[in-house]
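The structure under discussion appears below in the form of structure tokens.
The values are calculated or read from the model by the stated rules, or taken from the named source; none is laboratory data. Note that the coordinates shown come from a computational prediction; the quantities given were computed from them, not determined experimentally. For neighbour counting, all protein chains shown are included, and Cβ atoms are generated from backbone atoms with ideal geometry for every residue, glycine included. With ligands, DNA and RNA removed, areas are computed over all heavy atoms of the protein, side chains included. Shrake-Rupley method; radii C 1.70, N 1.55, O 1.52, S 1.80 Å.
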Amino acid sequence: MNIHLYLQRILLDMRIRNNDKVQLVKQKAIELIVRDGLEGFSMNKLAKACNISVATLYIYYKDRDDLILKTAMEEGLIMAEATMKDFSPDMSFEDGLRVQWYNRYQYTKAKPLLNSFFEQLRTSSYQEEFLASFLSEFKVVMGKFMQNIIDRGEIELMPFEIYWSVAFAPLYNLIRFNKEGQSMGGRPFKMTDEILWKTFDLVVKALKK
């Protein structure tokens, strides 16, 4: 066999194995943080869960904070991309919001563990750096969408916090109820398309002029 070809195959195999190891580390880190919280997460626990040495972790990450932030940033970019699928800031208010609801709901259904992981970060000291890392482009697109629908007179001018609370908080409450299997007062709850889109219609009605 050609020696150069042989070396290329070895290097490719090493890259594949290293990538597989990094993906395992990320997955186990997310699982541990969701299960034990950020306070209960350590490099020692992670190494044990991955069946590797702690020294191996430090090949890929500078320290615990570096691992958490890099994992959050990488997964955050994937989440932002999923949320933006088939969305344009030039859409009408109702069409654009519908795409957003659909994408966010599908993402949380497909990746419930990551949704819980991001919730941990939103109430932590990592929040500011995490959000700044992947929200910049997302905020620009959503800002254009909001400005367009205000300029067209579809909704009235309002602080972004009010808009977000009315537009998306109902969706995330439904997602939380579905995850917990119960709503207020402990009543059994299961999300259906009928519930999802009936709530959506009420949100659109509340925000439209």
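Looking at the range 145-154 only, could you name the residues that are open to solvent by 70 Å² or more (accessible area, probe 1.4 Å) and either small (Gly, Ala, Ser) or assigned to a helix (DSSP H, G or I) (or both)? Spell out the reasoning first.
Restricting attention to the range 145-154, the residues satisfying the condition of being open to solvent by 70 Å² or more (accessible area, probe 1.4 Å) are 147, 151-152.
Within the range 145-154, Gln147, Asp151 qualify.
Determine whether the range 161-173 contains at least one residue that is aromatic (Phe, Trp, Tyr), open to solvent by less than 60 Å² (accessible area, probe 1.4 Å), in contact with a strand residue (DSSP E or B) (Cβ under 9 Å, 6 or more places away or on another chain) and assigned to a helix (DSSP H, G or I). It would help to see each step written out before you state the result.
From the range 161-173, those aromatic (Phe, Trp, Tyr) are 163-164, 168, 172; that's our starting set.
Within this subset, residues satisfying the condition of being open to solvent by less than 60 Å² (accessible area, probe 1.4 Å) are 163, 168.
Adding the requirement that they be in contact with a strand residue (DSSP E or B) (Cβ under 9 Å, 6 or more places away or on another chain) leaves 163.
In the following step, the residues that additionally are assigned to a helix (DSSP H, G or I) were identified as 163.
Yes, the range 161-173 has at least one match.
Just one of (1) of a type in the set (D, E, K, R); (2) touching a Phe, Trp or Tyr at 6+ places or on another chain (Cβ under 9 Å); (3) open to solvent by 80 Å² or more (accessible area, probe 1.4 Å); (4) at negative phi trips up Asp86, so point out which.
(4)
Which helices (runs of 4 or more DSSP H) does the range 25-144 wholly contain that include 1 or more residues that are in contact (Cβ under 8 Å) with a residue 24 or more places away in the chain and within 25 Å of Val204 (Cα to Cα)?
Working: elements: 43-50, 54-60, 64-83, 93-110, 112-122.
It comes to 64-83, 93-110, 112-122.
Filter the range 192-209 down to residues that are closer than 23 Å to Lys109 by Cα and either in a helix (DSSP H, G or I) or among the hydrophobic types (A, V, I, L, M, F, W, C) (or both), then give me how many there are. So that I can check it myself, show each step before the final result.
Within the range 192-209, the first condition is being closer than 23 Å to Lys109 by Cα, and the residues that meet it are 192-204.
Keeping just the survivors that are either in a helix (DSSP H, G or I) or among the hydrophobic types (A, V, I, L, M, F, W, C) (or both) gives 193-204.
The total comes to 12.
Say whether the condition of being in contact with a strand residue (DSSP E or B) (Cβ under 9 Å, 6 or more places away or on another chain) and surrounded by 14 or more Cβ atoms within 10 Å (Cβ to Cβ) is met by at least one residue in the range 103-112.
Going through the range 103-112, the residues in contact with a strand residue (DSSP E or B) (Cβ under 9 Å, 6 or more places away or on another chain) turn out to be none.
No.
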